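What follows is one structure encoded as structure tokens, with my remarks underneath.
The values are calculated or read from the model by the stated rules, or taken from the named source; none is laboratory data. None of the values given here were measured: they were computed from a predicted structure. We place every Cβ from the backbone using ideal geometry, glycine too, and count neighbours over all the protein chains shown.
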Amino acid sequence: MTINSKRSHYSNQLDEKTIGKHVTVGGWVEDIRDIGKIIFMIIRDITGPMQVVINQDDFSQAREIPRQSSILISGLVQSSKAKGKRVEIKLENIISIFPAQHPLPIDPTGRVESSIDKRIDSRALDLRNPQVSKVFLIRSKALEVIRRTLSDNHFIEVNTPKIIGSASEGGSNLFSFDYFKKIAFLAQSPQLYKEQLILALDRVFEIAPYFRAENSNTVRHLTEFQSVDIEAAFVDYHEIMDIMEETIKNIIKELTNSNLVNIDKNETIKSVLQSKIPELTYKECIQELNSNGEKIEYGDDLSDSSLRKLGQSHPGFYFITEWPLKLKPFYIHEKEDDEFLSNSFDLQVGYLELISGGTRQHNPNKIRKRLQEQGLNPQSFSEHLKTFEWGMPPHSGCGLGLDRLLMVLTNSINIRDVVLYPRDPIRLTP
Ligand code: ATP
Ligand code: MG
């Protein structure tokens, strides 16, 4: 046996069928219990813990191995008397050890709690805590289901540039930087590209990071976040709402089937499976807020405090539709029978906004007018607007904040809990 010996099994592959087999396993030493003649070592790999039984006459040095060292061992699988364990490994050989240096910055078993800041500072170690790694297994599974559901709905995955030469949606929240003596920006959304792409590809989606230069120090904003963006030709915003609802339901079903989440412990995601996501119009929200004593007028944006009020009476998933046009970006379509309103929606979970979407304006002259109304120069959008002369069909789309969806799926209050290496106005490392 050498350092190049191959691992033969992961922890979750050790069951009664492997009893009597010689196996090679690797992982990190979580615990060592020394009861005299026998030493019990718990080694954890990404799939779970395993108990290794060590005869101290053969491997007395085992008790000196620092916790959290990585270790590759071989041994014989035998049935176990330990509570909750069916099998254990009787150590035959220690193949390699890469010792962990103590003191460690955090305790990755979670027995000693650390603040989220300290944990992120040592994220690679923090992830050895199964509660933490589970969040990222959930994230990975969610991405898998999103790709599958959208592809089943005939969406094509695309990749658009994140370095752009002009502001994609206008506004001041763009990061800019020097680009070979020119100024370039980091994309705040793929909006313009995805609208152009449906001219030929019909339905597209993109999962990518976007950047907002907003000094928002909240538990739901990052300066770099992942967005799931979709755009489709010849559909209206209600169809987009249906596709996103199907996607979210599929994610929850699959996370439940693979035992990654227990819906009985998360009422919010349990309830979404039981019925259609309810729809409230913006107007109904204002009426509800007014009747609860909130000072807000028809036409005002829903402030943080208004959203928190709404969140109290609607703690689960709900759509807010038909927003005033002036509150929405220039590319949103007005409502046909009431031009004050728009064909738009947000998907909320309590106070938290998950998705913004809508039917897009496909008449370039109306877009020019709206750009002007919003203080933007139509000239700077000429590259984009020229594509509207090439047969732009009616179309709709939306952007889903993946990190915020993960907060809901994992019942996390802070977005930093569900992002490996979060970027916010203060944090740029690790
Ligand atoms: P908010 O009002 O909550 O700041 P927004 O309306 O500015 O969000 P949109 O431009 O509508 O955001 O972006 C679409 C989605 O992307 C949002 O619904 C949200 O889920 C996500 N998102 C937007 N900004 C951020 C951010 N700074 N950090 C994390 N997610 C974000
Ligand atoms: Mg929004």
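Out of curiosity, is Lys85 over 30 Å from Val219 (Cα atoms) and part of a helix (DSSP H, G or I)? Spell out how you get there, then give the answer.
On the way: over 30 Å from Val219 (Cα atoms): yes; part of a helix (DSSP H, G or I): no.
So Lys85 fails the test.
For the condition closer than 22 Å to Ile164 by Cα and away from ligand 1 (no atom under 16 Å from the Cβ), what is the one hit in Pro378, Pro430? Before the answer, list the steps.
On the way: Pro430 fails: closer than 22 Å to Ile164 by Cα.
Among Pro378, Pro430, only Pro378 is closer than 22 Å to Ile164 by Cα and away from ligand 1 (no atom under 16 Å from the Cβ).
Can you find a residue that is in a strand (DSSP E or B), touching a strand residue (DSSP E or B) at 6+ places or on another chain (Cβ under 7 Å) and near ligand 1 (Cβ under 10 Å from one of its atoms) anywhere in the stretch 401-411? Yes: one or more hits. Condition (residue is buried (at least 18 other Cβ atoms within 10 Å of the Cβ) and under 18 Å from the mean Cα position of the chain (by Cα)) applied to the stretch 232-242: is it met by at least one residue? Taking every residue of the stretch 232-242 in turn, none turns out to be buried (at least 18 other Cβ atoms within 10 Å of the Cβ) and under 18 Å from the mean Cα position of the chain (by Cα). If the condition is being surrounded by 14 or more Cβ atoms within 10 Å (Cβ to Cβ), without any contact (Cβ under 8 Å) to a residue 60 or more places away in the chain and either more than 16 Å from ligand 2 (Cβ to nearest atom) or charged (D, E, K, R) (or both), then the stretch 188-213 contributes Tyr193, Leu197, Leu201, Asp202, Arg203, Val204, Phe205, Glu206, Ala208, Pro209, Arg212, Ala213. The set of residues from the stretch 18-45 being aliphatic (A, V, I, L, M) and either loosely packed, with under 14 Cβ neighbours inside 10 Å or in a strand (DSSP E or B) (or both) comprises Val23, Val25, Val29, Ile32, Ile35, Ile38, Ile39, Met41, Ile42, Ile43.
Which one is nearest to ligand 1 (Cβ to nearest atom), of the residues in the stretch 199-217 that are out of contact with any Gly (no Cβ under 8 Å at 6 or more places or on another chain), of a type in the set (A, V, I, L, M, F, W, C) and not in a loop (DSSP other than H, G, I, E, B)? In this case the residue turns out to be Phe211.
Mind checking whether some residue in the stretch 414-430 is within 16 Å of ligand 2 (Cβ to nearest atom) and in contact with a Phe, Trp or Tyr (Cβ under 6 Å, 6 or more places away or on another chain)? Please lay out each step first, then the result.
Step one: list which residues in the stretch 414-430 are within 16 Å of ligand 2 (Cβ to nearest atom), which gives 415.
Filter once more, keeping what is in contact with a Phe, Trp or Tyr (Cβ under 6 Å, 6 or more places away or on another chain): none.
No, the stretch 414-430 contains no residue that is within 16 Å of ligand 2 (Cβ to nearest atom) and in contact with a Phe, Trp or Tyr (Cβ under 6 Å, 6 or more places away or on another chain).
Per the listing Ile415, Ile367, the residue uniquely out of contact with any strand residue (DSSP E or B) (no Cβ under 6 Å at 6 or more places or on another chain), modelled with pLDDT of 95 or more and within 13 Å of ligand 1 (Cβ to nearest atom) is Ile415.
Taking the criterion of being more than 10 Å from ligand 1 (Cβ to nearest atom) and under 23 Å from Gln196 (Cβ atoms), the residues of the stretch 329-343 that qualify are Phe330, Tyr331, Ile332, His333, Glu334, Ser342, Asn343. Determine, yes or no, whether Gly316 is more than 12 Å from ligand 1 (Cβ to nearest atom) and on the phi > 0 side of the Ramachandran plot. In short, no. Go through the residues of the stretch 106-119 one by one and say whether even a single one is part of a helix (DSSP H, G or I) and surrounded by 13 or more Cβ atoms within 10 Å (Cβ to Cβ). Yes.
Out of Glu322, Glu373, Glu383, one residue alone is modelled with pLDDT under 95, among the charged types (D, E, K, R), in contact with a Phe, Trp or Tyr (Cβ under 9 Å, 6 or more places away or on another chain) and away from ligand 1 (no atom under 14 Å from the Cβ). It is Glu373.
Kindly check whether there is at least one residue in the stretch 374-387 that is in a helix (DSSP H, G or I), within 32 Å of the chain's Cα centre (by Cα) and away from ligand 2 (no atom under 15 Å from the Cβ).
Residues of the stretch 374-387 in a helix (DSSP H, G or I): 378-387.
Retained after the next criterion (residues that are within 32 Å of the chain's Cα centre (by Cα)): 381, 384.
With the extra rule that they be away from ligand 2 (no atom under 15 Å from the Cβ), the set shrinks to 381, 384.
Scanning the stretch 374-387, I find at least one residue that is in a helix (DSSP H, G or I), within 32 Å of the chain's Cα centre (by Cα) and away from ligand 2 (no atom under 15 Å from the Cβ), so the answer is yes.
In the stretch 226-309, counting only helices (runs of 4 or more DSSP H) that sit wholly within it, the ones holding 2 or more residues that are under 30 Å from Pro393 (Cβ atoms) and out of contact with any Pro (no Cβ under 8 Å at 6 or more places or on another chain) span 237-257.
Among the residues in the stretch 157-165, are any in a helix (DSSP H, G or I), more than 21 Å from Leu222 (Cα to Cα) and at pLDDT 95 or above? Checked against the condition, which is being in a helix (DSSP H, G or I), more than 21 Å from Leu222 (Cα to Cα) and at pLDDT 95 or above, the stretch 157-165 yields no hits at all.
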